[in-house]
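Some notes on the structure that comes next.
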Amino acid sequence: MSLNVKEIFYSLQGEGGRQGEASIFIRLAGCNLRCAFCDTDFSDGTAMKLDEILSVIRQYPCLWLIWTGGEPALQLTAEDIVYFKQKGYFQAIESNGHYSLPNGLDYTVVSPKGNIKYAAKINHLIDEIRLPVEIGDKLPDINILPHAKLYFISPIFSEKKKTQKNIDYCVELVKQNPQWRLSLQMHKLIGIE
Ligand code: SF4
């Protein structure tokens, strides 16, 4: 078994319900979408066997993995999850929600992108919906989204000048829609990966 890996790095989860927790990020190559605001290079990965990935992540004193991308659900299987679970790891995923998520994950984040009506069809248990928002975006009816434990609005950090205005916009959205919470991309604010 092998996965097409863009990069592996050790940092803190910068956003959402696990913000601030040390985590090993495994960024898988490839995505089914091309979002205008995407700031992630997910092309040209390297095929790595699971035991090669294990030998890289074992250097870090941390048992939380975050499968991210790109779109990790394009590649990740339940067998991959079992392999790392047997090695003692807890596993989270950050997905755009277009594909079924593999079984066995310990924490699931879905960030719906584009026309999010597809998100209504997600039947996986979701821990966290994290919705990227730009000035002027309307919030979807929370009832059309899959049930999740936490619902976050994440202001898109694009051009620096626009960021504060977008944060202000999202703060107002949360005040008017208190089922949602604000999630800032802390890693960008404090300059970590
Ligand atoms: S789904 Fe995520 S990784 Fe894929 S293009 Fe959109 S922002 Fe980028």
I'm trying to understand the selection: among the residues of the range 42-66, which are assigned to a strand (DSSP E or B) and within 13 Å of Ala92 (Cα to Cα)?
Trp64, Leu65, Ile66
Give the number of residues within the range 14-26 that are under 25 Å from Asn115 (Cβ atoms) and in contact with a helix residue (DSSP H, G or I) (Cβ under 8 Å, 6 or more places away or on another chain).
1
For the range 106-131, give me each residue that is more than 16 Å from the ligand (Cβ to nearest atom) and of a type in the set (Phe, Trp, Tyr).
Tyr107
Just the residues that are among the charged types (D, E, K, R) and under 16 Å from Cys35 (Cβ atoms), please, taken from the range 121-158.
Arg130, Glu134, Asp137
Looking only at the range 106-136, and only at residues there that are in a strand (DSSP E or B) and touching a residue at least 60 places away in the same chain (Cβ under 8 Å), the one that is nearest to the chain's Cα centre (by Cα)
Val109
Examine the range 43-66 for a residue that is within 16 Å of the ligand (Cβ to nearest atom), touching a residue at least 40 places away in the same chain (Cβ under 8 Å) and crowded, with 20+ Cβ neighbours inside 10 Å, and state whether such a residue exists.
yes
Looking at the range 92-105, which of the residues that are touching a residue at least 40 places away in the same chain (Cβ under 8 Å) and surrounded by fewer than 22 Cβ atoms within 10 Å (Cβ to Cβ) is farthest from the ligand (Cβ to nearest atom)?
Tyr99
Taking the condition farther than 15 Å from Ile129 by Cα and of a type in the set (Ser, Thr, Tyr), does Ser95 pass?
no
Within the range 67-90, how many residues are within 16 Å of the ligand (Cβ to nearest atom), within 11 Å of Leu105 (Cβ to Cβ) and not in a helix (DSSP H, G or I)?
2
Of everything in the range 14-42, what is within 16 Å of the ligand (Cβ to nearest atom) and buried (at least 17 other Cβ atoms within 10 Å of the Cβ)? Give them in sequence order.
Gly14, Glu15, Gly16, Phe25, Ile26, Arg27, Leu28, Ala29, Cys31, Phe42
Residue under question is Lys162, and the condition is that it be over 17 Å from the mean Cα position of the chain (by Cα) and in contact (Cβ under 8 Å) with a residue 12 or more places away in the chain; does it hold?
yes
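Every number here is computed from the coordinates shown, using simple stated rules; none is lab data. What you are looking at is a predicted structure, and each value in this text was computed from that prediction instead of being measured. Every residue, glycine as well, gets a Cβ built from its backbone with ideal geometry; the counts of neighbours run over all protein chains shown.
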